[in-house]
Every structure is written in C-alpha cells, then in structure tokens.
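The values are calculated or read from the model by the stated rules, or taken from the named source; none is laboratory data. Everything numeric here is computed off the predicted structure, so don't read it as measured data. Cβ atoms come from the backbone with ideal geometry, glycine included; neighbour counts cover every protein chain shown. With ligands, DNA and RNA removed, areas are computed over all heavy atoms of the protein, side chains included. Shrake-Rupley method; radii C 1.70, N 1.55, O 1.52, S 1.80 Å.
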Amino acid sequence: MAEEVQGQADEAVDSSNGESTEATIAVHWREEGYFLPPPKFIGQANASDPAILERFSEENFPECFKEYADLLDWDQYWDTTLDTSNAPFWRWFVGGKLNASYNCIDRHLKKDRNKAALIFVPEPEGEAHAAITYQELYRRVNEFAAVLQDLGLKTGDRVTLHMPMTPELPVTMLACARLGIIHSQVFAGFSGAACGGRIADSGSKVLITMDGYYRSGDLLDHKVKADEAVEAARKEGQEVDKVLVWRRYPGRYSAKTPMVEGRDVFVDELLAGHKGAVVEPVSLDATAPLFLMYTSGTTGRPKGCQHSTGGYLSYVAGTSKFYQDIHPEDTYWCMADIGWITGHSYIVYGPLSLGTTSVLYEGTPNYPDAGRPWRIAEQLGVTIFHTSPTAIRMLRKVGPDEPAKYDYHFKHMTTVGEPIEPEVWRWYYEFVGKGEAVIVDTWWQTETGGFLGTGLPALDRMKPGSCGPAALGIYPEILDEDANPIPMGSGKAGNICIRNPWPGIMQTVWGQPERFVSTYFAKYNKDPDSKDWHDWPYFAGDGAVQAADGYYRILGRVDDVINVAGHRLGTKELESSALTVPEIAEAAAVPVIDDIRGRVVEMYVSLKPGYTASPVIEAKVREAIETDIGKIARPKNIWIVPDMPKTRSGKIMRRVIAATSNFSDVGDITTLANPEVVDKIRHHVQAAKLAHGEVPRELSEAEQAEIKAFGNAE
Ligand code: WTA
C-alpha cells in the first residue's frame, strides 16, 4: 500500500524578500509530503516506462503527438502535424481525415459489440440500470443521425443541445459527430435564457432537449426551458425552426409544458420512421469543428470554444489512456455532467474512443443519501472514479464513514475543476480510495480540451493540493505581469501560461476570432505577425506557483471569474443580470470562500434614487440571476447598500466588498472617493452574516491574496 513519504524535508516555500505586489503574489505554505502509487497499480499502468517522458520532450515536439493521434483510426493520414502559418490559430494533423463517431463506436464493434459502452444509472434507485452495448449505441446513433439528416441538417451546421444526464445526450452528440454537425451542449441546469443566448450566438436553427429528468428526487419539467430559450434566441434575431424533444420515458410525456405545434416534435416518434437506418460516418478534415462549448469570461457574453475533430479527439484519447489509465476492461465513472467540458472529454469522447465502459449517472451524488456513489461503485464494479473537490467535500461532510460500508475497489481516482485542499485530498485518498487508488489532480479548462497539469499516475509521485507536473507535451511557464518568468521554487506566484500549442486546444472563439487572440494570447505576445509558436504563449487566466520539485499549485482565476463548485461564472454576466431589475442602479458580484463549494457568489447592489431597500428587491435580483443564468449562479446573499465603494474615477472597488464578505482585511482605502461607506457596509453586512450564524474563518494566505486581487482584471 502506498504511504506518505517525507518530501522536501518540510521545506516551507517562502519568498525571500517577503514583498508582495499585484504582479507577483508571495505565497507561503507548508510543503506537503509525497504519496507513492501502489505497486499493483504500476504493474498494470498504461504509462509505466519513463521513456514516455523523453518521447514527449520539447525536442520531439510537435511530432510527439503522433503517438496520441495513432490511437485513432484515420480514413486518411495527415501530412502536416502542426501548421502555424495562421498563428495563433493552430491547425493540427492537417490533411488527415477521420470521423469521431466512427472512432467512438464503429471501430469497436468487431471485437466488443456486446460490451457495455455506457451504463446509465437513473437517479431513482428503484429504476434499473441500463447497459448500452456498443452495438446498441451504434444502432441508436445511426437512427438518430438519420433523423437529423431527414431534417436537412448537414456538415457544418450548428445544433444546440440542452440535455440532462441520460444516454440520449451522448447518442445525440455522436449522431451529430457522425454527420459533422457541430453540437453545442448547454448544461441542463442553465436557464432557458442562458441557453437561448448560446443558440443565438452559434446560429442554431434546431434545439434538442428532453422533457424531464430527475434531480434530488424530483422529475423536473425541463421542456419549459426550451420555450424560454427559443424566445430568448428570437430576441437576439435567431429563429429556431425545430425543437426535438426526447422523452425521459419514451411514449410518455413527463413535462407539464405543452408542445408547440409545428415546432416541437417527440424524438421517439421521429425515430419510429428510421428503424434500422444506417448512416455512413462522414469523413471529415481533422480541422473540422466537432463541437462548441460555451464558457464565461471576464467581460461580455460567453465565448463559444470551438474544438476540432482530429486534434481534440487525439488529445482526449491520449490523455484518457495515460492519465486516466483507461484499459478496455475498466469500468470507468466520471461523475461530472456532460454539459461541461469534463463530461465531453472524459465521459464521452475519451473513454469511448478507447472502447471502455463509461458510467453515466443522472442525479445528484447524495441522493437519496451520501452512500449513493459508493453503492453505484459496488454494484457496477467501478475501477476508475473521477469527480470534483466540491463533490468530495460534500460527500465527506454528509457521510465521512460511508465509503467503508461498501465493497468497491478503485485503482484510480481523479479530481478536477478547482483546487483541492490537502485535507480534503487526504480524505479522498484514505476513505474513498481506501489507500489502494492513485489520485490524479487534473488542471485544465474548457478552452484546453484536455489536461494541462497533472501527473502520470504510475510515474509521478502524488502531492496533495498540487496538480503535479505538466502533462506530456505541455511546456508551461509562470510569468509575472511584465512577462518575466518566475523561477520554480521561488515561492512566488504569477500567471501560468503554456508556451506551446497542443492538439486539444480550442481552434477559436466561435464567430469572434479577435476575442480568441485578445483573451488568450495578446497579453504575452510581442509580435502579432509572428508565425513561430514560441512567440504565442497561451495565457490561461489562472494564478499558479511552481515548487522546487517542478510541481504546480493552481491558486485560482486571475480574471474575475468566480469558480463556483468547479463552474465558471463571469462577474459581468452576474452583474448585468442584476441590472435588469428596474430598481437597481449598480451591481457588483464578489466571491466568498465556501467550505463545500469552493467559492460562492455574493451580490452587492445599490438602488436608484427614490427606492428603499426591501426583501422584494432582493428577491427580484435573485430571480433575475436564476432566469438569466440558472440556479447554479444563485447568490448566497444579496446586499443592498447605500453606495458602492468607488475610486475617484468611479470604478467600483470589488476587492473592498470582497474583503467585507470574507471577513478579511479591506486593505488600503485611502484612494477611494467615498471611504466612509466602507465601514457602513462592513457593519451592515458582517452583522447580518453573524446574525445568520455564519462563522467567519481565517483565510489562508493564498485565499487572502485572491480576495485582495479581485477586481484587478478590469
Ligand atoms: C479551475 C474545467 C485547480 C481553473 C476542467 C481553471 C482547477 C478553471 C483545476 C477551468 C484543478 C480546473 N486545480 N484549479 N485541478 N481544474 N481548475 O473551464 O481555475 O470549467 O481555469 O474547466 O477551473 O474551468 P472549466
């Protein structure tokens, strides 16, 4: 069994001069000890020979990625591995042709047709699990592809999906992929309005949804959001011609919201006309877009990250093999939602391209109790488990001893989406993994398609709280605001960048190529005309520090994006939503450190003259946010304040209110135009919080630094 070994002789990473500026934040913390992978794991690992590190070293770039691409079946081999002629719009495997649906389904039929591709676990425990074999998946995807074709959809068209966690979602994605239709799945928990905005941005004429799904014991009416989405899209000038409605129970409608004649159709009825249909997979250019995935940024509307067919699929196949250590005989369960990039890459495309069995769970992890995930793991014989720190914290809180009651054995576990606290990591390791499983902490983003920072499970030691070294073929650097590299082991944090392109990186921001350049590259690019990739470091928007052993610790966003339970919410989106309430004059969203969800949102609003604060106004703001974005964005508190703390130029000082919400030091307020409001706000907010039973806790140094820097990105 692996045990904790002493690493780095308790050498506390420290900044030599103790100086801390906005550009470089000094971070001090105890270095954690290492954990070693169990020998049993090493013996079976896909990557156990250190030669792999050499093969992916910088001198072998970009050809090293042939090893990932060779995991796929190509209709036509590529001639150029990496084309940089239109930097930074990288083109991978140029000249190559393939189909993602073929790679995830058809090619496995010969050997594995009767093996489960997906195992669907419905939320109600009384409802049986459904194993969908590769053969069955093939049948369903072909039949649905025939439906799409029948509607006149073709390669390059965009289709928006607003689907819950049921097998119909991967079926829909793979049917789109079969035809080269670009799918844009919107997280089902997002509101209809949020979905509508994404429909409009992508120019989708078809929306695919489901009537209902289970969440925490309720069969939700999901169809109602389709009506709102169509309406919201129309306001932005995009007409939706058809809404395809899958039924959670075919033949029986589970929603109260009526179907709209001429526009809405039940998918099960359409499928009846395509029984046994076979649709040839379209042979697509490696650079053809596979899907869009929207994500929030600092400003403006969400960005549609466009991912490619060849590069993306190669990257998720390669990282699934070497980092998730997926073998065809594994039962792999990623508890994320397919509505996020994690689900796209590591529930659908990565695992299925490798021909494994991927588990898909409909509901919330703690329904009906905190033992649910472990029962599922026991019943299905799950060998690889993948989840987020928020889920781990929550399961730890509600059932710390639950895992021991169940007879399951993971060989491998993943954490993703937010930084994980070392104590939480240790619980995951000891109690969930029972000391038998390796853990990979994977740092990456919607934009990056797959992992950037993570360890090779059999070759790299684990260190709680650090994502580890860089993934194969990824060469990061940490830069300060003036583009100076921050050396490892200096104890200073800066902006983590990736110096090189990799196959999984998004191709562009849908419809806004200039935003792709300005958001991710402009900051550190010195020559906009350069065709040399060395001139285009990718700016990830995360703060990070690199320890003396080369391991990265990710501190969080530097761009005023609030990461709630691993989901990115843009402050501007939250604020614009609050401003739709007629009484509201100004709004500011700030992050509050939360023991379960990592960060939660608090909203500060001030009122237009003539209005007085009331719970009704608060409720309106809450409702506006739920309508515009979704319940996930619901603020913990809405504070109606007499005035916002502002600089003399009128800019709201978000760091001051963020400090107030977190009971931390408000810092220097001498530059404010109205310093007197700070105390007023602080008394009001903190007294109310204490009265509600909130127990302020001391923030770690990194957390303090984050709060202090909040609002700098504008
Ligand atoms: C954060 C999710 C620390 C980070 C895959 C990043 C993490 C943002 C980790 C992307 C991790 C993700 N450790 N922080 N292992 N993984 N993050 O686009 O701030 O939903 O920029 O992609 O989540 O979130 P996104």
Criterion first (more than 28 Å from ARG248 (Cα to Cα) and touching a strand residue (DSSP E or B) at 6+ places or on another chain (Cβ under 8 Å)) does HIS307 satisfy it? yes
Name the one entry in ALA194, ALA177, ALA226 that is farther than 25 Å from ALA624 by Cβ, hydrophobic (A, V, I, L, M, F, W, C) and either open to solvent by less than 40 Å² (accessible area, probe 1.4 Å) or out of contact with any Asp or Glu (no Cβ under 8 Å at 6 or more places or on another chain) (or both). ALA177
Based on this model, can you work out whether VAL621 counts as open to solvent by less than 10 Å² (accessible area, probe 1.4 Å), in a strand (DSSP E or B) and over 30 Å from THR415 (Cα atoms)? no
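Yes/no matrix, rows are residues, columns are (1) farther than 21 Å from HIS567 by Cα; (2) touching a Ser or Thr at 6+ places or on another chain (Cβ under 6 Å):
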residue: ARG140; (1), (2): yes, no
residue: ARG178; (1), (2): yes, yes
residue: HIS183; (1), (2): no, no
residue: GLY196; (1), (2): no, no
Select from segment 230-279 the residues that are closer than 24 Å to ASP201 by Cα, among the aromatic types (Phe, Trp, Tyr) and out of contact with any helix residue (DSSP H, G or I) (no Cβ under 8 Å at 6 or more places or on another chain) and list them in ascending order. none
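If I ask for residues that are open to solvent by 10 Å² or more (accessible area, probe 1.4 Å) and more than 12 Å from LYS636 (Cβ to Cβ), which ones from segment 596-616 would you list? I'd like the intermediate steps shown before the answer.
Initial filter on segment 596-616 (open to solvent by 10 Å² or more (accessible area, probe 1.4 Å)): 596-597, 599-600, 607-616.
Across segment 596-616, the qualifying residues are LEU607, LYS608, PRO609, GLY610, TYR611, THR612, ALA613, SER614, PRO615, VAL616.
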Residues within segment 575-595 that are outside any strand (DSSP E or B) and open to solvent by 30 Å² or more (accessible area, probe 1.4 Å), tallied: 5
Of the criteria (1) surrounded by fewer than 24 Cβ atoms within 10 Å (Cβ to Cβ); (2) within 12 Å of the ligand (Cβ to nearest atom), which one TYR294 fails: (1)
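Taking the conditions exactly as written (in contact (Cβ under 8 Å) with a residue 12 or more places away in the chain and of a type in the set (D, E, K, R)), does ASP679 satisfy them or not? So that I can check it myself, show each step before the final result.
On the way: in contact (Cβ under 8 Å) with a residue 12 or more places away in the chain: no; of a type in the set (D, E, K, R): yes.
Answer is no for this residue.
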Condition check for PRO170: touching a strand residue (DSSP E or B) at 6+ places or on another chain (Cβ under 7 Å) and not in a helix (DSSP H, G or I): no
Here are some conditions: (1) surrounded by fewer than 24 Cβ atoms within 10 Å (Cβ to Cβ); (2) of a type in the set (Phe, Trp, Tyr); (3) within 16 Å of the ligand (Cβ to nearest atom). PHE266 meets all but one. Which one does it not meet? (3)
Taking the residues in segment 561-574 that are open to solvent by less than 10 Å² (accessible area, probe 1.4 Å) and not in a strand (DSSP E or B) as candidates, determine which candidate is nearest to the ligand (Cβ to nearest atom). THR571
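Going through segment 434-461 one residue at a time, which ones are more than 13 Å from the ligand (Cβ to nearest atom) and touching a residue at least 40 places away in the same chain (Cβ under 8 Å)? Outline the logic, then answer.
First pass over segment 434-461, keeping only residues more than 13 Å from the ligand (Cβ to nearest atom): 434-438, 456-461.
Across segment 434-461, the qualifying residues are GLY435, GLU436, ALA437, VAL438, LEU456, PRO457, ALA458, LEU459, ARG461.
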For segment 527-550, which positions are within 17 Å of GLY465 (Cβ to Cβ), within 15 Å of the ligand (Cβ to nearest atom) and open to solvent by 20 Å² or more (accessible area, probe 1.4 Å)? GLN546
Can you confirm whether segment 262-282 contains a residue that is in contact with a Ser or Thr (Cβ under 8 Å, 6 or more places away or on another chain), within 22 Å of GLY197 (Cα to Cα) and not in a helix (DSSP H, G or I)? no
For residues in segment 427-449 being charged (D, E, K, R) and closer than 27 Å to GLY297 by Cβ, which is surrounded by the most Cβ atoms within 10 Å (Cβ to Cβ)? ASP441
Please verify whether GLY217 is on the phi > 0 side of the Ramachandran plot, out of contact with any His (no Cβ under 8 Å at 6 or more places or on another chain) and open to solvent by less than 10 Å² (accessible area, probe 1.4 Å), treating the condition exactly as stated. no
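From the list LEU148, LEU118, LEU137, which one is open to solvent by less than 10 Å² (accessible area, probe 1.4 Å) and assigned to a strand (DSSP E or B)? Before you say what the answer is, go through the steps one by one.
On the way: LEU148 fails: assigned to a strand (DSSP E or B); LEU137 fails: assigned to a strand (DSSP E or B).
Testing whether each residue is open to solvent by less than 10 Å² (accessible area, probe 1.4 Å) and assigned to a strand (DSSP E or B) leaves just LEU118.
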Quick one: would you say ILE486 is within 16 Å of the ligand (Cβ to nearest atom) and either among the aliphatic types (A, V, I, L, M) or out of contact with any helix residue (DSSP H, G or I) (no Cβ under 9 Å at 6 or more places or on another chain) (or both)? no
Just one of the numbered conditions (1) in contact (Cβ under 8 Å) with a residue 40 or more places away in the chain; (2) within 30 Å of the chain's Cα centre (by Cα) is not true of THR660; which one? (1)
So if I check each of GLN185, GLN238, which one is crowded, with 18+ Cβ neighbours inside 10 Å, over 24 Å from the mean Cα position of the chain (by Cα) and among the polar types (S, T, N, Q)? GLN238
Go through segment 66-85 and give me each residue that's touching a residue at least 24 places away in the same chain (Cβ under 8 Å) and assigned to a loop (DSSP other than H, G, I, E, B). LEU71, LEU72, ASP73, TRP74, ASP75, TRP78, THR84, SER85
Note on segment 86-115: residues outside any strand (DSSP E or B), buried (at least 20 other Cβ atoms within 10 Å of the Cβ) and of a type in the set (A, V, I, L, M) are ALA87, ALA100, ILE105
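Looking only at segment 652-669, filter to residues that are of a type in the set (A, V, I, L, M) and more than 16 Å from ALA688 (Cα to Cα); which one of those is most open to solvent (accessible area, probe 1.4 Å)? Spell out how you get there, then give the answer.
Our first condition is that a residue be of a type in the set (A, V, I, L, M); within segment 652-669, this holds for 652-653, 656-659, 666, 669.
Checking the rest, the ones that are also more than 16 Å from ALA688 (Cα to Cα) come to 652-653, 656, 666, 669.
Details: ILE652: 22, MET653: 26, VAL656: 2, VAL666: 15, ILE669: 41 Å².
Across segment 652-669, the extreme among qualifying residues is ILE669.
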